[in-house]
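The structure appears below as structure tokens.
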Amino acid sequence: MPRGHRDPEGSAGFAVTSAAYREFVRSARLRPFIGGELRRWRAGRDLIAVGAAIRTAFADAEWPVGVAGAIAAGYARLGGDGTAVTVRSLGSSHHEVFHDVRTTNDVLAACRRCFAAPFTDEAIADREACRVSQFDVAVSIGIERESPPVTVTSTGFAPTAAECAGYVIDNAEVRQLAAWAVALDRNYGRRVN
């Protein structure tokens, strides 16, 4: 979002990109763990246990410093600790939404759970039934201030490109991505995830 501007609803926010998701998965070495759990499921282990193990691995994983720093910088621009935000997963048919998140640590925890959203039992089974790779998943996250609109100074509240290091995008970029998603849906005549 450009400095000093608000979106039409009067809220401020930012998005955590799918590049951040991929870096999180890579850094935490989750792919081999996920692969092992999926092999156990295909060999007869209960899907509920497999899904829970994968989601727990996401919840317990350490953040790559650059990704955590970019998210923390974005949250700080919205007001930081004490500022209520909504954190929601985007780009997956299985979503998580967390309201009234008020600390940097809780924002990061909510982001971990959003990153784990594609690994619900139902989502795993759906991809398997459709013969879609379990690794063809990319999650982005929207983080939006919940408080009423405020007048901002020229210093703004959106993180700069340097602060985001490619892991966070502004509202203008989110709107562009949404426009492309609508165009894809129209092109295919159905919702494309």
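For this structure, a couple of remarks:
- Glu37 being among the acidic types (Asp, Glu) and open to solvent by 30 Å² or more (accessible area, probe 1.4 Å): no
- Residue match in the stretch 41-49 (condition: at pLDDT 95 or above, within 21 Å of Ala73 (Cβ to Cβ) and not charged (D, E, K, R)): no
- Within this structure, Phe58 fails the test of being more than 13 Å from Gly142 (Cα to Cα), in contact with a Gly (Cβ under 8 Å, 6 or more places away or on another chain) and of a type in the set (A, V, I, L, M, F, W, C).
- Checked against (1) modelled with pLDDT under 70; (2) within 19 Å of Tyr21 (Cα to Cα), Pro148 passes all but a single condition, namely (2).
- Taken over the stretch 43-62, the criterion of being touching a Ser or Thr at 6+ places or on another chain (Cβ under 9 Å) and farther than 17 Å from Ala117 by Cβ is satisfied by Glu62 alone.
- For the stretch 58-75, a residue qualifies if it is without any contact (Cβ under 8 Å) to a residue 40 or more places away in the chain and small (Gly, Ala, Ser), and exactly one does: Ala72.
- Just one of the listed residues (Ser89, Ser93) is among the small types (Gly, Ala, Ser), under 21 Å from Ala57 (Cα atoms), at pLDDT below 95 and open to solvent by 60 Å² or more (accessible area, probe 1.4 Å), namely Ser93.
- Residue ID - most open to solvent (accessible area, probe 1.4 Å), chosen from residues in the stretch 97-124 that are under 9 Å from the mean Cα position of the chain (by Cα) and not hydrophobic (A, V, I, L, M, F, W, C): Arg113
The values are calculated or read from the model by the stated rules, or taken from the named source; none is laboratory data. Since the structure is predicted, the reported quantities are computational estimates derived from the model, not experimental observations. Counting neighbours? That spans all protein chains shown, and the Cβs are built from the backbone with ideal geometry, glycine included. Note: areas computed on protein heavy atoms with side chains; ligands, DNA, RNA excluded. Shrake-Rupley method; radii C 1.70, N 1.55, O 1.52, S 1.80 Å.
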